[in-house]
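Heads up: the structure comes next, in structure tokens.
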Amino acid sequence: MFKLTTCCLLLVALVAIAEASKKPTTPPCAGRCTRKDLAGRGTVCIRNARTNICTKLRACELRQRNCSLRDLGLPQLRQTSLARCGRVKGNTGSARCAAIRRRRTVRPTRGCAIANCRRQKPNSCWRTKSGRSEWISDCSARERNCRNKRRPDLQLTRTADWVCRGPKKDKDIIVINKV
């Protein structure tokens with residue numbers, strides 16, 4: 001009987017040692033806000049997507065809240081743009097989130113930003129891939145080539161002026177932008 005009791009005690013002691021040596025699955029929190037954190041101006045903005053309420057608080061306070069939420073097994077708070085907290089008065093507090101105006105990214109198209117070509121007189125001869133000659137202004141030709149950049153069959157190429165003005169007028173010559 002004494003041997004059985006000793007074995008049970010030894011088994012309980014081994015289990016207790018094994019439990020004590022287990023490392024915690026979550027790292028400990030970074031700690032509370034220090035005086036340096038409280039004196040600093042570093043603020044962050046968090047947004048509740050469900051209520052659209054933004055809260056401005058110090059970064060150390062966000063760490064503390066996330067630590068508490070992580071210990072409870074709840075999803076952590078995420079930081080959003082500080083511009084969202086534009087309606088919050090002061091360094092800390094809550095208010096309805098401000099809308100962020102998104103800048104439209106306009107991709108510049110090289111050479112397509114041409115001024116108005118309507119007032120320019122036709123002054124040169126251009127040929128299409130199909131063989132037609134056109135008497136148009138340089139500006140109009142550049143604009144058309146820019147619009148048809150991905151369609152090589154519609155690109156215009158510069159030819160000699162006599163092709164359009166020659167003594168033998170073809171019926172396929174087109175005059176555009178006549179003023």
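No lab work stands behind these numbers, since they all come straight from the coordinates. Keep in mind that this is a model prediction, so the values were computed, not measured. Using ideal geometry, Cβ is built from the backbone for each residue, glycine included, and neighbour counts are taken over all protein chains shown.
Multiplying the residue separation of ALA83 and LYS121 by 0.36 nm and subtracting their alpha-carbon distance yields 8.6 nm. When only the Cβ of Lys, Arg, Asp and Glu is charged (+1, +1, -1, -1), the dipole of the stretch 31-101 relative to its Cα centre reaches about 220 debye.
Label-to-label distance for ALA13 and LEU38 is 4.9 nm, based on points extended 7 Å past Cα in the beta-carbon direction. Projecting the Cα positions of GLY90, THR80, GLY42 onto the charge dipole of the stretch 31-101 (unit charges on Cβ atoms of Lys, Arg, Asp and Glu, taken about the Cα centre) puts GLY90 furthest along the positive direction. With R₀ set to 30 Å, the beta-carbon distance separating ALA95 from CYS146 gives a calculated FRET efficiency near 0.05.
Label-to-label distance for LYS129 and ASP71 is 7.1 nm, based on points extended 7 Å past Cα in the beta-carbon direction. At a Förster radius of 45 Å, what calculated FRET efficiency corresponds to the Cβ-Cβ distance of CYS29 and MET1, to the nearest 0.05? Step by step, r from the Cβ atoms, then E = 0.35.
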